[in-house]
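To start, the structure under review is shown below, and the notes come after it.
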Amino acid sequence: MDLTRRTLLGTGLFFLTGCSSGTLGKPSWMGGDKKEEKPESKLNRGSRVGDMVRPYINILKVEATGLVVGLDGTGSDPLEGSARNAILAEMRTLGVENPNAILQSTSTAVVNVRTFLRPGMAKGDPIDVELVSPLQSDTKSLRGGRMLQARLMEMIAADGMIRKGRTWVLAAGPVLVDPTANPDEPKGRALANKGVILGGGRVLKERPLTIRMLPMFQAGKYAKRVQEAINKQFGFYEDGHRVEVAKAHSGVDIEIRVHPRYRNNLSRYLEVILSVPLSDSPKDRTEHIQRLKSEVGDPRTTVRASLELEAFGKEGVPILKETMKKSSNPGVQLCTAEALAYLNESDAAETLGRLTTEFPEYKVFTLSALSALNDYMSVEQLLILLDSPSASTRYGAFRSLRQLRPDNARIAGEYLNGKFWFHHVASTAEPMVHVTKSRRPEVSIFGGDVTLKGPFAIEAGSTILVNARAEQPDQVRVSRFVPGEQDQIRLTSTDLEEVIRAVVESNGDYPDVVQMLQMAKDAKVLPCRFEIDALPKLEQTDDWNNDTEADSTGYNMKNPLPDLFSATNRISLGATQGEKIEEKETNSEEEEKAGLFSWLKGSKEDSTDASATETDSTSTNPTDASSIEAGKDEVPTAEVP
């Protein structure tokens with residue numbers, strides 16, 4: 001009896017103690033506390049870096065007030081306000097005498113300046129800079145002007161005030177304005193008051209890529225594990241020393257240095273980093289690779305499987321090569337060849353070159369991959385593609401080759417009088433003149449000599465006249481007229497290269513040459529194609545992730561645009577593997593909305609048939625520019641599915 005009573009009493013105390021202590025808690029059926037799940041339980045032998053982190057993409061907008069000089073009476077005296085006060089303060093800091101007199105001149109204009117810095121930019125990198133006349137300004141046009149040096153910095157709104165942060169970019173240079181904008185028309189005046197300085201900014205401080213540990217893994221031991229996994233796969237040698245690309249900070253953020261092979265495709269770099277395996281066990285890695293072997297040849301899973309095999313490094317090469325050679329599906333061939341190219345395997349070059357021609361919708365990826373493959377085979381394929389009848393294929397191959405072998409004799413250029421780059425590219429295709437509206441000022445002539453058809457009279461900026469008289473249609477006069485200076489006259493033949501050089505010798509700049517070429521095209525005196533940023537672009541095809549047919553030829557165009565062919569010089573981040581992205585950046589469809597302005601947007605792409613006649617990208621009139629307006633400065637947040 002006593003034993004029974006003692007037992008019951010002990011049992012009662014046990015339950016009472018359990019109810020009051022939170023250690024044992026209530027039974028689950030009574031709603032008691034469940035045992036806390038450890039972070040490790042979320043991982044398995046096939047886990048990847050992407051299971052512990054997500055990229056953190058912070059696009060930094062930097063701004064300044066700038067002064068444009070050298071205008072031909074189209075400037076204005078700025079109104080009283082913050083813009084005028086800012087430029088006066090800057091001029092006084094630089095010791096400029098009579099700053100108010102300078103601002104009152106119609107040869108100057110105050111402008112708002114901005115650009116966007118994406119992660120992955122290095123110190124000294126060039127960057128395009130946008131500028132626009134302030135609202136209510138009396139400035140008629142920025143054409144022909146040059147912006148003096150401006151310091152672009154962070155602007156933070158706090159406590160009802162605009163506070164300035166650190167200076168990130170120094171910018172200066174000639175202003176490129178839409179060459180067709182007519183300042184005498186309302187719509188044209190809006191365009192004429194917006195401009196861009198191609199590559200005119202210089203980044204002062206590195207902005208590393210960052211990945212952030214998921215909340216449950218925000219601890220030093222987990223961050224170290226991710227750091228070691230990434231460095232094992234992506235370390236490289238620089239000046240004889242091994243560079244570790246990943247560096248953990250306080251268990252939350254990990255800074256990622258860009259591997260040289262991915263410098264023009266940062267979005268792919270992040271995707272592959274997310275695919276890096278966490279396990280060091282040879283058995284786990286072998287099982288993981290064997291699973292990928294069965295998936296990489298399937299069009300429905302090849303995108304993800306190829307990226308994961310690329311993340312395995314040399315261990316994934318044999319399977320990628322075997323699949324690329326055996327598969328008859330062009331999409332599978334593309335994905336495996338891309339992965340091999342970024343692993344610097346020369347076997348990929350021929351496949352990438354062939355796919356560029358046979359499947360033009362793939363060229364934005366194939367050409368970017370060829371530019372990453374540092375091998376003579378990729379150079380050979382790009383040289384072949386310089387003869388393509390497709391403008392975007394030809395120029396895309398040129399840009400890829402310029403990244404890979406800038407000193408190649410066939411494309412080597414000249415920096416004319418410190419103004420812009422000039423290239424005369426040997427090509428068997430029909431002649432083409434190409435100019436850029438992003439990255440760097442560049443004029444290229446593809447094919448043989450191009451001669452202008454006289455007679456004509458066209459302008460190169462506000463002070464240079466280029467004409468061929470009816471009595472001497474084979475002779476061109478390049479005349480420079482500036483009030484208060486002696487007139488300059490240069491005589492050349494109608495050879496376009498000679499004319500361009502004469503304009504530069506007459507103190508003409510890149511925007512002046514672009515205007516001359518546009519007017520020559522409009523006047524039908526330029527007897528060849530004239531293209532502006534004929535960049536390869538993403539094209540819609542069937543998404544094979546939704547296909548049930550094993551022989552689908554579609555490619556998953558949800559993949560982000562490689563940076564090499566991005567018109568806005570910003571990272572275009574996407575995620576094909578389902579990672580949640582924490583970012584302040586546009587996706588590929590929104591990219592241009594946050595970019596420069598409408599006339600700088602890409603023109604109509606050529607036909608998907610590489611041999612077909614292409615649409616002249618300069619034949620459409622530019623639309624109204626609206627990206628630098630009040631209320632449209634913020635880069636929208638995009639969470640990629």
Residue check for ILE162: within 26 Å of the chain's Cα centre (by Cα), open to solvent by 40 Å² or more (accessible area, probe 1.4 Å) and not hydroxyl-bearing (Ser, Thr, Tyr): no
VAL433 β-branched (Val, Ile, Thr) and either under 25 Å from PRO562 (Cα atoms) or in contact (Cβ under 8 Å) with a residue 60 or more places away in the chain (or both): yes
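Quickly run through segment 467-508 and pick out the residues that are charged (D, E, K, R) and in contact with a Gly (Cβ under 9 Å, 6 or more places away or on another chain).
First, pick out the residues of segment 467-508 that are charged (D, E, K, R): 469, 471, 474, 477, 480, 485, 487, 490, 495, 497-498, 501, 505.
Passing the criteria: ARG469, ASP474, ARG480.
For segment 236-253: of the residues being more than 22 Å from LEU214 (Cβ to Cβ) and touching a Pro at 6+ places or on another chain (Cβ under 9 Å), which is least open to solvent (accessible area, probe 1.4 Å)?
Going through segment 236-253, the residues more than 22 Å from LEU214 (Cβ to Cβ) turn out to be 236-244.
Add one more test, that the residue is touching a Pro at 6+ places or on another chain (Cβ under 9 Å), and what stays is 236, 238.
Values: PHE236: 21, GLU238: 77 Å².
Ranking the candidates gives PHE236 first.
Tally the residues that are polar (S, T, N, Q) and open to solvent by less than 30 Å² (accessible area, probe 1.4 Å), restricting the search to segment 489-541. Steps first, please.
The initial filter retains those residues of segment 489-541 that are polar (S, T, N, Q), namely 492-494, 506-507, 515, 518, 540-541.
Pick out the ones that are also open to solvent by less than 30 Å² (accessible area, probe 1.4 Å) and you get 492, 494, 506, 515, 518.
So the count comes out to 5.
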Odd one out for SER462, checked against (1) among the hydroxyl-bearing types (Ser, Thr, Tyr); (2) open to solvent by 70 Å² or more (accessible area, probe 1.4 Å); (3) within 30 Å of GLU130 (Cβ to Cβ): (2)
Number of the exception - ARG402 against (1) touching a residue at least 12 places away in the same chain (Cβ under 8 Å); (2) assigned to a helix (DSSP H, G or I); (3) charged (D, E, K, R): (1)
Filter result for the condition that a residue is surrounded by fewer than 23 Cβ atoms within 10 Å (Cβ to Cβ) and touching a residue at least 60 places away in the same chain (Cβ under 8 Å), over GLY46, GLY81, GLY50: GLY46
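Any idea which of SER368, SER306, SER346 is surrounded by fewer than 24 Cβ atoms within 10 Å (Cβ to Cβ) and small (Gly, Ala, Ser)? Write out each step before concluding.
Numbers: SER368 fails: surrounded by fewer than 24 Cβ atoms within 10 Å (Cβ to Cβ); SER306 fails: surrounded by fewer than 24 Cβ atoms within 10 Å (Cβ to Cβ).
The match here is SER346.
Is it the case that ALA89 is small (Gly, Ala, Ser), open to solvent by less than 10 Å² (accessible area, probe 1.4 Å) and within 13 Å of LEU67 (Cα to Cα)?
Details: small (Gly, Ala, Ser): yes; open to solvent by less than 10 Å² (accessible area, probe 1.4 Å): no; within 13 Å of LEU67 (Cα to Cα): yes.
Taking the combined requirement at face value, the residue does not satisfy it.
For residues that are assigned to a loop (DSSP other than H, G, I, E, B) and among the acidic types (Asp, Glu), tally how many sit in segment 54-94. I'd like the intermediate steps shown before the answer.
Within segment 54-94, the subset assigned to a loop (DSSP other than H, G, I, E, B) is 59, 70-81, 94.
Applying the additional criterion that residues be among the acidic types (Asp, Glu) yields 72, 77, 80.
Looking only at that region, the number is 3.
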The one condition in (1) without any contact (Cβ under 8 Å) to a residue 60 or more places away in the chain; (2) polar (S, T, N, Q); (3) buried (at least 19 other Cβ atoms within 10 Å of the Cβ) that ASN182 fails to fulfil: (3)
Only listed residue being touching a helix residue (DSSP H, G or I) at 6+ places or on another chain (Cβ under 6 Å), open to solvent by less than 30 Å² (accessible area, probe 1.4 Å) and small (Gly, Ala, Ser), chosen from GLY120, GLY66, GLY75: GLY120
Exclusive hit being open to solvent by 70 Å² or more (accessible area, probe 1.4 Å), over 24 Å from ALA190 (Cα atoms) and touching a residue at least 24 places away in the same chain (Cβ under 8 Å), set ARG151, ARG146: ARG151
Among the candidates SER552, SER572, residue that is in a loop (DSSP other than H, G, I, E, B), crowded, with 17+ Cβ neighbours inside 10 Å and either out of contact with any Ser or Thr (no Cβ under 9 Å at 6 or more places or on another chain) or at pLDDT 80 or above (or both): SER552
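Mind checking whether some residue in segment 369-390 is hydroxyl-bearing (Ser, Thr, Tyr) and more than 25 Å from the chain's Cα centre (by Cα)? Give the steps one after another, and end with the answer.
Taking segment 369-390 and keeping what is hydroxyl-bearing (Ser, Thr, Tyr), we get 371, 376, 378, 388, 390.
After this cut, where a residue has to be more than 25 Å from the chain's Cα centre (by Cα) as well, the list is 376.
There is at least one residue in segment 369-390 that is hydroxyl-bearing (Ser, Thr, Tyr) and more than 25 Å from the chain's Cα centre (by Cα).
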Tally of residues being in contact with a Leu (Cβ under 9 Å, 6 or more places away or on another chain) and of a type in the set (Phe, Trp, Tyr) across segment 442-496: 2
Strands (runs of 3 or more DSSP E) contained in segment 95-201 and holding at least 2 residues among the polar types (S, T, N, Q): 109-117
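Considering each of TYR376, TYR362 in turn, give the residue that is closer than 19 Å to LEU538 by Cα and of a type outside the set (Gly, Ala, Ser).
Working: TYR376 fails: closer than 19 Å to LEU538 by Cα.
That would be TYR362, the only listed residue that is closer than 19 Å to LEU538 by Cα and of a type outside the set (Gly, Ala, Ser).
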Cβ-Cβ under 6 Å pairs, at least 6 apart or on other chains, segment 411-424 side over 13 Å from ARG501 (Cβ atoms), far side of a type in the set (S, T, N, Q) and open to solvent by less than 50 Å² (accessible area, probe 1.4 Å): HIS423/SER444
For GLU414: the one exception among (1) touching a Phe, Trp or Tyr at 6+ places or on another chain (Cβ under 8 Å); (2) open to solvent by less than 40 Å² (accessible area, probe 1.4 Å): (2)
Residue satisfying all of: in segment 217-241; in contact with a Phe, Trp or Tyr (Cβ under 9 Å, 6 or more places away or on another chain) and modelled with pLDDT under 90; farthest from THR436 (Cα to Cα) among these: GLN233
So LEU274, is it under 23 Å from the mean Cα position of the chain (by Cα) and within 20 Å of SER378 (Cβ to Cβ): no
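Take the conditions assigned to a loop (DSSP other than H, G, I, E, B), open to solvent by 50 Å² or more (accessible area, probe 1.4 Å) and of a type outside the set (Asp, Glu) and apply them to PRO473. Does it pass? Write out each step before concluding.
Values: assigned to a loop (DSSP other than H, G, I, E, B): yes; open to solvent by 50 Å² or more (accessible area, probe 1.4 Å): no; of a type outside the set (Asp, Glu): yes.
Against the criterion (assigned to a loop (DSSP other than H, G, I, E, B), open to solvent by 50 Å² or more (accessible area, probe 1.4 Å) and of a type outside the set (Asp, Glu)), PRO473 does not qualify.
If the requirement is being in contact (Cβ under 8 Å) with a residue 12 or more places away in the chain, under 22 Å from the mean Cα position of the chain (by Cα) and either open to solvent by 80 Å² or more (accessible area, probe 1.4 Å) or over 29 Å from GLU154 (Cα atoms) (or both), which of these qualifies: ARG202, ARG225, ARG189?
Unique residue meeting the criteria: ARG202.
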Residues of segment 405-437 that turn out to be hydroxyl-bearing (Ser, Thr, Tyr) and not in a loop (DSSP other than H, G, I, E, B), as a count: 1
Per-region count, segment 448-467, residues part of a strand (DSSP E or B) and either of a type outside the set (A, V, I, L, M, F, W, C) or without any contact (Cβ under 8 Å) to a residue 40 or more places away in the chain (or both): 5
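The values are calculated or read from the model by the stated rules, or taken from the named source; none is laboratory data. All values reported here derive from a predicted model rather than from experimental measurement. Positions of Cβ are generated from backbone atoms using ideal geometry, with glycine treated the same way; all protein chains shown enter the neighbour counts. Ligands, DNA and RNA are stripped out before the accessible areas are found, and what is left, the full protein with its side chains, is counted by its heavy atoms. Shrake-Rupley method; radii C 1.70, N 1.55, O 1.52, S 1.80 Å.
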